[in-house]
1. Can you work out ³J(HN,Hα) from phi for every residue in the stretch 40-48, in order, using Karplus 6.51 cos²θ - 1.76 cosθ + 1.60 and θ = phi - 60°, giving whole Hz and x for Gly and Pro?
2. Quick check on the stretch 57-111: take the gyration tensor over C-alpha atoms, sort the square-rooted eigenvalues as a ≥ b ≥ c, and tell me if it's rounded (a/c under 1.5), prolate or oblate.
3. Need the list of aspartates and glutamates near Lys107 for cross-linking: C-alpha distance under 17 angstrom, and skip anything on the same chain fewer than eight residues off.
4. Counting alpha carbon pairs within less than 8 Å and at least 6 residues apart, what relative contact order, in whole percent, applies to the stretch 1-63?
5. Calculate for the chain the 222 nm mean residue ellipticity that helices alone would give, adding -39,500 (n - 2.57) per DSSP H run of length 4 or more and normalising by residue count, nearest 500 deg cm²/dmol.
6. Between their Cα atoms, which of Lys20/Lys55; Lys29/Lys61; Lys6/Lys32; Lys40/Lys61 are more than 20 Å away from each other?
7. Residue by residue through the stretch 115-124, which ³J(HN,Hα) values in whole Hz follow from phi under the Karplus form 6.51 cos²θ - 1.76 cosθ + 1.60 (θ = phi - 60°), with glycine and proline marked x?
8. Would you work out the relative contact order for the stretch 1-115, in percent, from Cα pairs under 8 angstrom that are 6 or more residues apart?
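No lab work stands behind these numbers, since they all come straight from the coordinates. Every value quoted in this text rests on a predicted model; they were computed, and no experiment measured them. Cβ atoms come from the backbone with ideal geometry, glycine included; neighbour counts cover every protein chain shown.
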Amino acid sequence: MISFSKDTCNELIALYRTKKISLEGNILKVIKGGDPEFLKYVEDAKQRDNDTRRKRLEITKQVQQQNRELVESQVDRDKLMAELQVALSDAEKLKDAAVEDLETHQKRTQFELVGLIVKVALGIIGTVAFLTSILYFYVISKGLDAKIIESTWSNLFGILLTNSFSIIGTIMGVKYASGEKG
């Protein structure tokens, strides 16, 4: 146990009264004796020390609670970020798949259109060739002068043949340029 001299006790009491500074901590537990005024000072100091410790403990508990809440919110935020990353990745995959489907659909539509153009062009070429041939055979069978029709028939087949190859070449060029095989 610790005991203080009368002068030291008076100085500690005066320090508290003038500057509000008193003894704190475990030293208060080992102080013994003294006059009643100093014992009251020690009891008041113990009470102030307990109050201060209680306030510090409350503040510490508040800080710890806030830290727990912050950690929990950080975990939740990280979880949400991970979910957002997965959702973003899925959305990008879906977008890529949609773009690829669109490109495939556009190419299929383009080739269907080219196929239709070829069929119509070949149908027209075949029809003109057929009608011209029928007209030429009709003129020959009737014994009419076929000089004009012969040259027209010959020129027409040459033009039709040239146009047929031109159409086929154009279609092959389109298929080659788009990377399609076959």
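1. Ordered by residue, 3J(HN,Hα) equals 5, 4, 5, 5, 5, 5, 4, 5, 4 Hz.
2. Values: a/c = 14.28, a/b = 10.77, b/c = 1.33.
Taking the square roots of the gyration eigenvalues as a ≥ b ≥ c, the stretch 57-111 is prolate.
3. Candidates past the 8-residue exclusion: Asp96, Glu180.
4. Values: 35 pairs, mean separation 22.1, N = 63.
Worked out over the stretch 1-63, it gives 35 percent.
5. -31500 deg cm²/dmol
6. Lys29/Lys61; Lys40/Lys61
7. x, 5, 4, 4, 4, 5, 4, 5, x, 5
8. It rounds to 19 percent for the stretch 1-115.
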